Each structure stands twice: as C-alpha cells, then as structure tokens.
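Here's the structure we're looking at; comments come further down.
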C-alpha cells in the first residue's frame with residue numbers, strides 16, 4: 001500500500017499512479033490531480049479545502065491512501081464542529097481527540113467515547129408514531145386510507161399507533177453513524193471494537209436507508225440530554241462527505257470534512273451567540289433579502305442581525321478563503337456591497353480565516369459604505385477564539401450605534417432649524 005501525505009491547501013506532491021487512478025481522482029474533485037509533464041507515469045496531487053482520508057484501489061496495483069491534514073490542530077477543528085452544532089453542550093476536549101493528528105481516527109474515537117457515555121445508563125426508549133398496513137388491528141384505523149387503498153375490504157387494515165421501545169430516531173441516527181465508521185479504513189482497532197459493541201446494543205433500531213441524505217428528525221429534550229453530544233457528532237458523520245465512488249475498475253472510499261463549511265458554520269453560530277447579548281435577533285442564511293425592488297433577485301447573507309423593531313442592523317458573511325473567480329478577484333467585496341445596499345446598512349463585515357486575507361476596511365466611493373474584513377486565527381485556544389468573535393460582534397454593534405447617532409443628529413439639526421422649506 002502507498003500512503004500519500006497532503007496538507008490542506010499545501011504544495012503539490014508528485015506520486016507514481018496508474019493513469020486510470022489519476023483520472024479518477026481528477027474527476028472525483030477530492031484533490032487537484034494533473035499528469036506530471038516531466039515524470040511519465042506520475043501525477044501531481046494538491047489538496048484543497050477537504051481534509052480526511054480516502055483509499056483508492058485499482059486491480060493489479062497497490063492500493064493508494066491519501067491522508068489530507070488540516071491546517072489547524074485536529075482538536076481545534078473538532079471544537080469548531082462541536083460549537084457550531086450546539087454551543088450549549090460542547091466544551092473543548094469533551095470528545096478527547098487531542099492525541100490524534102488525523103481527522104478520521106479522531107472523529108471515530110471522539111464519537112465512540114460520546115456514544116459510550118450516552119449508552120452508559122441504557123439504550124434510550126420513547127414512543128415512536130407508526131402508520132402501516134397490517135393484518136391485525138392495532139391503535140386506530142386510518143379510515144380515509146382504508147377506503148382509498150382497499151375499497152371496503154376488511155383486511156389488510158391501515159392503522160396508526162404509538163409504539164414504546166428503542167426503535168426511535170435518536171437510536172437510528174447513532175446506529176447509522178456507527179455503521180458508517182465501521183465501514184471506513186484507518187479506524188483504530190480499539191475504537192472499532194468499541195463501535196461493534198455499541199452497534200450490538202442498537203440493533204433493535206431500524207437501519208437508515210443507504211444513500212438517503214435526510215436524517216430522521218429528533219427534538220432535544222431533558223429525556224435525551226445524555227444523548228445529545230453523541231447525536232451532534234453522529235449528524236456530522238452522516239452529513240459529512242462520505243466518499244464512495246466506483247468508476248469502472250476503480251473504487252474510492254473514505255471520509256472527508258469540508259473545512260470551508262466547518263469554519264463558516266462556526267463563525268455564524270458564534271456571532272449569533274455573541275450578538276444575543278445586545279438584543280434583537282440574528283437570522284442565519286437570512287431569507288427575504290432581495291437586491292431589486294421587484295424582488296426578483298434573491299440573496300442569502302450568512303447572518304443578518306435585526307433590531308427589536310425588525311429592521312436590519314448589521315450583516316456578516318463568513319469566508320474561509322477569499323473567492324477569486326477568474327475575472328472577479330474581489331467577488332466577496334462586491335457581494336457584501338450588494339448586501340449593504342439592499343439592506344440599507346452603512347457597513348458590512350467579512351470574516352476570513354487568518355492567513356488567507358488581511359484585516360482591513362474598504363470605504364466605497366460615493367456610497368458611504370464601509371466593508372470591514374476580519375481575519376480570525378482559528379488555531380487559538382477556544383476561549384481566545386470566542387473572545388475574538390465577541391470583538392467582531394461588538395464592532396458590528398458599534399457600526400450600528402454610530403449610524404443611528406448620526407441619523408439622530410441630523411434629525412435634531414433639522415428640527416432645530418425649523419425643518420427644510422421648499
């Protein structure tokens with residue numbers, strides 16, 4: 001087996017690969033893969049914003065494993081994931097991943113420990129609502145469905161009932177995440193044994209249909225409080241980028257995490273929590289924002305902070321790395337300018353991961369709009385990271401207060417002058 005070590009957005013690495021394998025990697029989008037012009041039979045591989053591990057198998061050739069390391073420590077990456085999932089229950093180090101420098105082993109061990117704590121007091125039971133076609137009457141008969149489907153026949157019968165047991169959404173999600181991890185390579189043997197044990201306790205929960213992206217809904221409550229950390233990690237596992245690809249004779253399998261999405265989710269949730277201290281409400285992926293008066297051009301800012309009266313007071317967008325499409329090297333600035341214009345705000349805020357863009361303020365000519373770029377050092381300890389988010393939130397509040405004070409001053413001046421006369 002050949003193991004290739006890559007770094008997130010790092011330098012390209014030249015690797016001998018069969019042409020089929022190189023083409024499959026290039027088509028998959030996992031990494032950038034191009035033939036090496038100076039070394040026949042070799043390919044240049046460069047990682048982007050996906051981290052984790054994948055295994056590539058070509059019949060007649062050694063298997064190739066790609067390990068893509070994140071720029072930030074793995075423990076910090078999991079803090080970002082956990083805080084974005086639920087800032088109320090996540091604490092740094094809760095899942096115990098500090099000893100790992102790879103994403104997948106850390107993810108597997110963190111989930112196994114959380115799952116062990118969740119099941120320590122037994123498998124959770126609750127009522128599950130079920131509607132089915134049965135040969136015996138149970139619960140209540142769904143009369144409309146009975147008539148529609150069976151045209152007056154007595155059996156089979158359409159019934160609905162609430163069944164008390166372990167076959168509930170929470171256990172189905174935990175079982176699915178456990179089985180997904182067991183199917184992946186590079187899960188440590190000790191962790192794998194623990195996951196098999198936990199899976200055995202969850203076998204009464206119905207397995208999820210493979211390939212279905214929507215997870216069964218569950219609601220956080222006092223009853224499932226001990227389950228919640230494991231459930232948040234399970235959702236991360238199941239909604240992450242599971243790589244299962246077959247292209248002819250080639251198979252690719254593994255698990256990747258998109259650092260762009262992890263960063264953007266963390267920044268938005270952390271800003272929402274920080275702004276809550278200043279009143280109003282924050283909308284993530286805000287709806288109802290349009291660029292034009294006819295409301296035909298919709299926009300979805302990452303975060304809009306509204307005042308108590310419902311008026312927008314600040315807008316922010318999180319960008320792990322600046323978007324620079326060909327011909328539009330400053331696309332992020334144009335996007336934020338459009339947000340500020342549509343929302344009637346004097347300032348907007350772009351939050352980048354430090355190292356990709358500097359902290360700077362752009363003043364737009366003839367528009368009276370400022371676009372503030374913030375660079376967030378995601379490798380800081382969690383406390384310092386949240387303090388930095390608090391500083392950004394305070395700057396958003398200050399911009400709003402300055403604009404409101406300026407508007408009040410103008411109104412008072414007009415009243416003092418007796419108003420405008422035409």
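The values are calculated or read from the model by the stated rules, or taken from the named source; none is laboratory data. Values in this document were obtained by computation on a predicted structure and should not be read as measured data. For neighbour counting, all protein chains shown are included, and Cβ atoms are generated from backbone atoms with ideal geometry for every residue, glycine included.
Give the residues of the stretch 144-164 that are at pLDDT 75 or above and out of contact with any strand residue (DSSP E or B) (no Cβ under 7 Å at 6 or more places or on another chain), sorted by residue number.
Scanning the stretch 144-164 gives a single hit, 144.
Would you be able to tell me the number of residues in the stretch 374-384 that are free of Cβ contacts under 8 Å to residues at least 60 places away in the same chain and surrounded by 19 or more Cβ atoms within 10 Å (Cβ to Cβ)?
The qualifying residues number 1.
Show the residue pairs meeting these rules: Cβ distance below 7 Å; 6+ apart or different chains; first residue within the stretch 357-373 and in the same structural domain as residue 399 (by TED's automatic domain parsing); second residue in a loop (DSSP other than H, G, I, E, B).
Qualifying pairs under 7 Å: 357/322; 368/346; 369/346; 370/346; 373/357; 373/358; 373/359.
Can you find a residue in the stretch 212-224 that is part of a helix (DSSP H, G or I) and either touching a helix residue (DSSP H, G or I) at 6+ places or on another chain (Cβ under 8 Å) or at pLDDT 90 or above (or both)?
no
Can you tell me which residue among 141, 89 is touching a helix residue (DSSP H, G or I) at 6+ places or on another chain (Cβ under 9 Å), surrounded by fewer than 18 Cβ atoms within 10 Å (Cβ to Cβ) and modelled with pLDDT under 85? Break it down into steps so the answer makes sense when it comes.
Working: 141 fails: touching a helix residue (DSSP H, G or I) at 6+ places or on another chain (Cβ under 9 Å).
After applying the criteria, what remains is 89.
Taking strands (runs of 3 or more DSSP E) that fall entirely within the stretch 256-348, which contain at least 1 residues that are at positive phi and touching a strand residue (DSSP E or B) at 6+ places or on another chain (Cβ under 8 Å)? Reasoning before the result, please.
Numbers: elements: 281-284, 303-306, 312-319.
Per the criteria, no element qualifies.
Output the residue which, of all residues in the stretch 165-187 that are over 30 Å from residue 126 (Cα atoms) and either modelled with pLDDT of 90 or more or surrounded by 15 or more Cβ atoms within 10 Å (Cβ to Cβ) (or both), is nearest to the chain's Cα centre (by Cα). Talk me through it step by step, then tell me what you get.
Residues of the stretch 165-187 over 30 Å from residue 126 (Cα atoms): 184-187.
Adding the requirement that they be either modelled with pLDDT of 90 or more or surrounded by 15 or more Cβ atoms within 10 Å (Cβ to Cβ) (or both) leaves 184, 186-187.
Working: 184: 21, 186: 23, 187: 22 Å.
Out of the qualifying residues, it is 184.
What's the number of the only condition in (1) touching a residue at least 40 places away in the same chain (Cβ under 8 Å); (2) surrounded by fewer than 23 Cβ atoms within 10 Å (Cβ to Cβ) that residue 334 fails to meet?
With (1) touching a residue at least 40 places away in the same chain (Cβ under 8 Å); (2) surrounded by fewer than 23 Cβ atoms within 10 Å (Cβ to Cβ) applied to residue 334, the lone miss is (1).
Answer yes or no as to whether residue 233 is surrounded by 14 or more Cβ atoms within 10 Å (Cβ to Cβ), in a loop (DSSP other than H, G, I, E, B), assigned by TED's automatic domain parsing to the domain that holds residue 119 and at pLDDT below 90.
Values: surrounded by 14 or more Cβ atoms within 10 Å (Cβ to Cβ): yes; in a loop (DSSP other than H, G, I, E, B): no; assigned by TED's automatic domain parsing to the domain that holds residue 119: yes; at pLDDT below 90: yes.
Here the answer is no, as residue 233 does not meet what is asked.
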